[in-house]
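**Q** Have a look at the structure that comes next, please.
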């Protein structure tokens with residue numbers, strides 16, 4: 001299946017729109033099934049070095065950051081949306097409200113992570129983002145959709161089980177179409193294998209997992 005980017009409906013809805021609220025509810029279920037948040041919470045604590053700062057691209061509602069804070073990893077957030085209110089984001093963590101490609105603070109972060117965000121970028125944007133990461137980051141840790149037809153079928157079945165909102169059904173399907181296989185994401189980011197080493201795997205549920213580390 002060829003990688004194809006299609007606009008996701010949720011990105012165009014106001015945060016308080018009923019369909020947006022239902023879709024965010026569905027996303028919590030999808031995240032629980034796909035396991036990206038669990039994997040990041042399990043993977044990061046042993047890999048982040050003392051004193052390193054971590055940045056989450058597309059931090060959204062802040063749920064991943066809070067989960068990682070509970071696991072002992074303090075994460076700053078980057079998103080076009082405002083900082084989550086109340087206790088949805090750690091009080092001591094920073095929040096950068098800007099577009100990832102416009103952000104100029106990469107030099108402050110040794111570790112960059114993302115959960116279901118890199119598939120939003122086309123090839124040109126991924127290459128531009130990769131140049132920024134290659135200049136500063138030591139490690140990149142990512143959970144994304146794996147782009148296979150069978151995972152679209154499994155996703156459709158899950159939507160039926162949880163009675164997912166039509167927005168969620170559409171956005172999940174096109175997210176898988178924009179996902180990654182094998183070494184595609186490191187290649188699209190332009191990571192130089194002489195400088196970087198990486199591990200890629202795909203779960204049975206359809207999650208593409210990447211850990212890229214700068215060689216010593």
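**Q** Could you work out the relative contact order of the chain? I mean the mean sequence separation of Cα pairs under 8 Å and 6+ apart, divided by the number of residues, in percent.
**A** Working: 356 pairs, mean separation 52.9, N = 216.
Relative CO of the chain lands at 24 percent.
**Q** While we're on this one: How high is the relative contact order of segment 1-115, in percent, with contacts defined as C-alpha pairs under 8 Å that are six or more residues apart?
**A** On the way: 130 pairs, mean separation 27.8, N = 115.
After rounding, I find 24 percent.
**Q** Calculate for the chain the 222 nm mean residue ellipticity that helices alone would give, adding -39,500 (n - 2.57) per DSSP H run of length 4 or more and normalising by residue count, nearest 500 deg cm²/dmol. Mind dumping the intermediate values first?
**A** Details: 7 runs with 79 residues, N = 216.
Helix-only estimate at 222 nm: -11000 deg cm²/dmol.
**Q** Something else about it: Would you mind calculating the gained length between residue 61 and residue 148 on full extension (0.36 nm times residue separation, minus the Cα-Cα distance), in nm to one decimal? Walk me through the numbers before you get to the answer.
**A** Numbers: separation 87, 0.36 × 87 = 31.32 nm, distance 2.75 nm.
Additional length available on full extension: 28.6 nm.
**Q** Note down the nm distance, to one decimal, between modelled labels 7 Å out along Cα→Cβ at residue 74 and at residue 11.
**A** 3.2 nm
**Q** List residues of segment 35-68, by number, whose backbone nitrogen lies under 19 Å from a label position 7 Å along Cα→C-beta of residue 216.
**A** The answer is 46-52.
**Q** Can you give the % of DSSP beta bridges in segment 21-136 that are antiparallel, to the nearest 5? Kindly include the intermediate steps, with their values, before the conclusion.
**A** Values: 0 of 11 bridges.
Antiparallel bridges: around 0 percent, rounded to the nearest 5.
**Q** Quote the FRET efficiency, to the nearest 0.05, computed for residue 205 versus residue 104 with a Förster distance R0 of 25 Å and r equal to the Cβ-Cβ distance. Display every interim value, and only then the final one.
**A** Values: r = 36 Å, r/R0 = 1.45.
Plugging the Cβ-Cβ distance into 1/(1 + (r/R0)^6) gives 0.10.
**Q** Further question on the same structure: Just for segment 9-214, what percent of DSSP beta bridges are antiparallel, to the closest 5? Walk me through the intermediate numbers first.
**A** Numbers: 14 of 31 bridges.
Taking every DSSP beta bridge with both residues in segment 9-214, the antiparallel ones total about 45 percent.
**Q** What percent does the relative contact order of segment 177-216 come to when contacts are Cα pairs within less than 8 Å and at least six residues apart? Write down the numbers at each step before the final one.
**A** Values: 36 pairs, mean separation 15.1, N = 40.
That works out to 38 percent.
**Q** Taking R0 as 30 Å, what FRET efficiency do you get between residue 127 and residue 87 from their Cβ-Cβ distance, rounded to the nearest 0.05?
**A** Using R0 = 30 Å, I get an efficiency of 0.20.
**Q** Which whole-angstrom value gives the distance between the alpha carbon centres of segment 140-216 and segment 30-66?
**A** 15 Å
**Q** Given the alpha-carbon gyration tensor of the chain, what are the semi-axes of its equivalent ellipsoid in whole angstrom, ordered largest first, with each equal to the square root of 5 times an eigenvalue?
**A** Numbers: eigenvalues 130, 88, 52 Å².
Output for the chain: semi-axes of 25, 21, 16 Å.
Any read-out appearing in this document is the output of simple, stated calculations on the displayed coordinates, not a laboratory observation. Note that this is a predicted model, so its numbers are computed, not measured. A quick note on method: Cβ atoms are made from the backbone with ideal geometry, for glycine too, and the neighbour counts reach across all protein chains shown.
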